1. Give me a count of the residues in segment 72-110 that are among the charged types (D, E, K, R), without any contact (Cβ under 8 Å) to a residue 40 or more places away in the chain and within 30 Å of MET182 (Cβ to Cβ).
2. State all residues of segment 160-183 that are closer than 15 Å to ILE58 by Cβ and either surrounded by fewer than 19 Cβ atoms within 10 Å (Cβ to Cβ) or touching a His at 6+ places or on another chain (Cβ under 9 Å) (or both); if no residue qualifies, say none.
3. Given the condition more than 41 Å from the chain's Cα centre (by Cα), among the hydrophobic types (A, V, I, L, M, F, W, C), at pLDDT 85 or above and not assigned by TED's automatic domain parsing to the domain that holds ILE188, answer yes or no: does some residue in segment 252-267 qualify?
4. Is it fair to say LYS67 is without any contact (Cβ under 8 Å) to a residue 40 or more places away in the chain, within 23 Å of MET182 (Cα to Cα) and of a type in the set (Lys, Arg)?
5. So, in segment 80-129, how many residues would count as being surrounded by 14 or more Cβ atoms within 10 Å (Cβ to Cβ) and of a type in the set (S, T, N, Q)?
6. Would you call LEU243 loosely packed, with under 15 Cβ neighbours inside 10 Å and at pLDDT 90 or above?
7. Looking at (1) touching a residue at least 12 places away in the same chain (Cβ under 8 Å); (2) more than 15 Å from GLU19 (Cβ to Cβ); (3) assigned to a strand (DSSP E or B); (4) among the aliphatic types (A, V, I, L, M), find the lone condition where LEU243 falls short.
8. Scan segment 22-61 residue by residue and report those that are crowded, with 19+ Cβ neighbours inside 10 Å and in contact with a helix residue (DSSP H, G or I) (Cβ under 6 Å, 6 or more places away or on another chain).
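The values are calculated or read from the model by the stated rules, or taken from the named source; none is laboratory data. Every value quoted in this text rests on a predicted model; they were computed, and no experiment measured them. Cβ placement follows ideal geometry from the backbone for every residue including glycine, while neighbour counts extend to all protein chains displayed.
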Amino acid sequence: MIHAIALAATLLRLTGAVEPVRSHPVIVPRLTGGGNGSLVIVHLVKPGTQVKKGDLLIEFDRQAQLKTANDRQAEYRDLVAQIARKRGEQVTARAKDEAELEMAENAVKTAELEVQKNEIVPPITAEQNRLTLDETRAKLAQLRKTFDLKRKADAADVRSLEIQRDRAMNAWKHAESNADKMRVVSPIDGMVVLKSTWKNGTMGEVQEGEEVRSGLGIMDVIDASAMRVRARINQADMTRLRLGESARITLDSYPSRVFTGTLEQLSQIGSISTLSNRVRTFLAVFSIAESDPHLMPDLAAAIDVGEEQQ
């Protein structure tokens, strides 16, 4: 709903809410590797705390991630050992096959020498020599084909284990990364502001010991040294505002405190009002010159633009 009150011909009053110019949202970490369930808060910084960059903001129970990391690490090492053992077995089998292949090649050479004597041996012996040569050549060809298939099968077996090893390595690293995400530190110097979230049928701030889902925004770290006020204005009042115009800002919670503001942003594209499709509202952002501990996010503020006539 738009609150714009004309106190006099040249004075326009708007209402809005205080917000920080610079802030950083803190969300429940999204876990890699398909682990996006709920996490339990074991430590939570108190709202209003002044923190430095790198200070601990929130810590989640990391036992599940550590257990997963240890399990995946053990699986990875087991697969590495399986690959080494498999390659050792293949080396032994290949040496045996190569020895058998060498014997078959020697048998072919021997049979070829015997066939060269066919002109001086009886016909029946010559025929037997030719049959023996054919048999040794067929056996050699069969062995070469069989051993080639065995080598391909061996390579496929090792490759299958290597794929499992790489997957276990990735799962291990993901789990370690997830464990590291259980500690969330402040990215900037600032003040902690907890967000209200929907829980147990009501809105409230999260507490230590609670379970929270991945991706949930639970706090903001704000730079309280620079604040501003965001307000919406009626389209009829757009012509009464100009960028750079000064404003007088007061807080509903602290009406005796007065701040100087400047219109920094004025949107050119309006949104449809909740009251009528024909009425549009526009966004206006006023910077606040002063820094004051009473300027807190979400506080309601009144903005007076122009001069009140006497």
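1. The total comes to 2.
2. ASP180, LYS181, ARG183
3. Within segment 252-267, one or more residues are more than 41 Å from the chain's Cα centre (by Cα), among the hydrophobic types (A, V, I, L, M, F, W, C), at pLDDT 85 or above and not assigned by TED's automatic domain parsing to the domain that holds ILE188.
4. Yes; evaluated as a whole, the condition is true for this residue.
5. Counting residues in segment 80-129 that are surrounded by 14 or more Cβ atoms within 10 Å (Cβ to Cβ) and of a type in the set (S, T, N, Q) gives 5.
6. yes
7. Every listed condition holds for LEU243 apart from (3).
8. Of everything in segment 22-61, just one residue is crowded, with 19+ Cβ neighbours inside 10 Å and in contact with a helix residue (DSSP H, G or I) (Cβ under 6 Å, 6 or more places away or on another chain), namely LEU31.
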